[in-house]
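Values quoted throughout were computed directly from the atomic coordinates according to the rules given, and no laboratory measurement underlies them. For clarity, every value in this text was computed on a predicted model and none was experimentally measured. Cβ sites come from the backbone with ideal geometry, for glycine too, and all protein chains shown count toward neighbours.
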Amino acid sequence: MSGDKYSILLPTYNERENLPIITWLLVKHLDAADIDFEIIVIDDGSPDVAKQLQKIYGEKRIVLRPREKKLGLGTAYIHGIKHATGNHVIIMDADLSHHPKFIPEFIKKQQESDLDIVTGTRYVGTGGVYGWDFRRKLVSRGANFLTQILLRPGCSDLTGSFRLYKKPVLEKLVKSCVSKGYVFQMEMIVRARQFGYSLGEVPISFVDRVYGESKLGGSEIVQFAKGLLYLFATT
Amino acid sequence: MLKIICYHIRHVGKEEGINTGDSLSIPKLFQWLMAGGAFLALWISLLLGYIDSDINDSTKDVILFLYSVAVIGYRVATFNDCVQSAEELQNDITEAKKDLMAKGFNFD
């Protein structure tokens, strides 16, 4: 082992069903790869579930840091980082669309050239999605194409949220990003480029199981367009 | 310019004993260099306004539009469907539930 420790931040909203599964998968795949880690659950919805997991896996591995009230993703990260004891932080969705089996690949990629950020990408190589219809794919590809032309970010998946950061890098980025939702993830990468951080990519499969609930509606598209223009004008 | 290159290849080719023949068999490397060079020259001169093109702005818009449609269409068509990952996840969920229950976890 390299002495590196990885803090996995799980900002969850009503993931009662998924939290035990994602925890189990994290432990399985990270233990198999001999990786030192802790899981920081930033959850206010299901404390009983998290406590049960803590009983099974121990308080060192499952760290519970509920927030007083539901805030944005950025504040969830700030809150989580404060309690992180690792020198690297991994952020991912807890709804099982991001599979923990990719984390060892993220870590390998990071170590190869001491990268500041490694991000999962759905758009390159073996990466992809499951559960998206033609319209969703079209919107996603179209938005991505436009973003690539306007921002030239040097990153193929700007709106993805499965990433590994060096802890100080994430701290600095979170503090300098003001956007919300999708755009927050975009801004993180664009600002990272501004600060000159190095970045690598790992192809991931994104399995959308709650499609229908998380449909990409008109308001999301408007929010995205606004965010894109904001970043286009300010970076 | 193209004429000069062709002339050059034809004659140099003869000198070096390469069979250029009547059909002018240009090596692949030269074909690529020629096409690439010609495209770049045209592109850069258009970009910097060295030559006046009679392509008006609306035609340029159409070209840009068609290019975008082609690229996006291709990428949508080649967007991987991760069916295997979805199946794998289903198996993982079943396995995780079984193992967690064995460890005393209470799903409610």
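Numbers for the structure displayed
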read-out	value
Helix-only [θ]222 nm of chain A, DSSP H runs n ≥ 4, -39500 (n - 2.57) each, per residue, nearest 500	-14500 deg cm²/dmol
Dipole magnitude of segment A:155-201 about its Cα centre (Cβ charges: Lys, Arg +1; Asp, Glu -1), debye to nearest 20	220
Per-residue average of Cβ from other chains inside 10 Å of A:96-102	2
Simple label model, 7 Å out from Cα along Cβ direction - B:ALA41 to B:ASP81, nm	4.8
Computed label-point distance, nm, for sites A:THR235 and A:LYS28 using a 7 Å Cα→Cβ extension	3.6
Net length gained if the chain between A:SER113 and A:LYS226 were fully extended (0.36 nm per residue, minus Cα distance)	37.2 nm
DSSP-loop trypsin sites (Lys or Arg not before Pro) across segment B:26-108, with at most 15 other Cβ within 10 angstrom	B:LYS103
Loop-located trypsin sites (Lys or Arg not before Pro) in segment A:145-235 whose Cβ has at most 12 other Cβ within 10 Å (DSSP)	A:LYS215
Segment A:117-137-segment A:28-87 distance, computed between alpha-carbon centres (Å)	26
Antiparallel content of DSSP bridges confined to chain A, in %, to 5	25
Efficiency of FRET from Cβ geometry, A:GLU59 and A:LYS5, R₀ 22 Å, rounded to 0.05	0.90
Acute angle (nearest 10 degrees) that the helix A:18-32 long axis makes with the longest principal axis of chain A, alpha-carbon atoms	80
Assigned charges on the beta-carbon of Lys, Arg, Asp, Glu; segment A:21-121 dipole about Cα centre (debye)	300
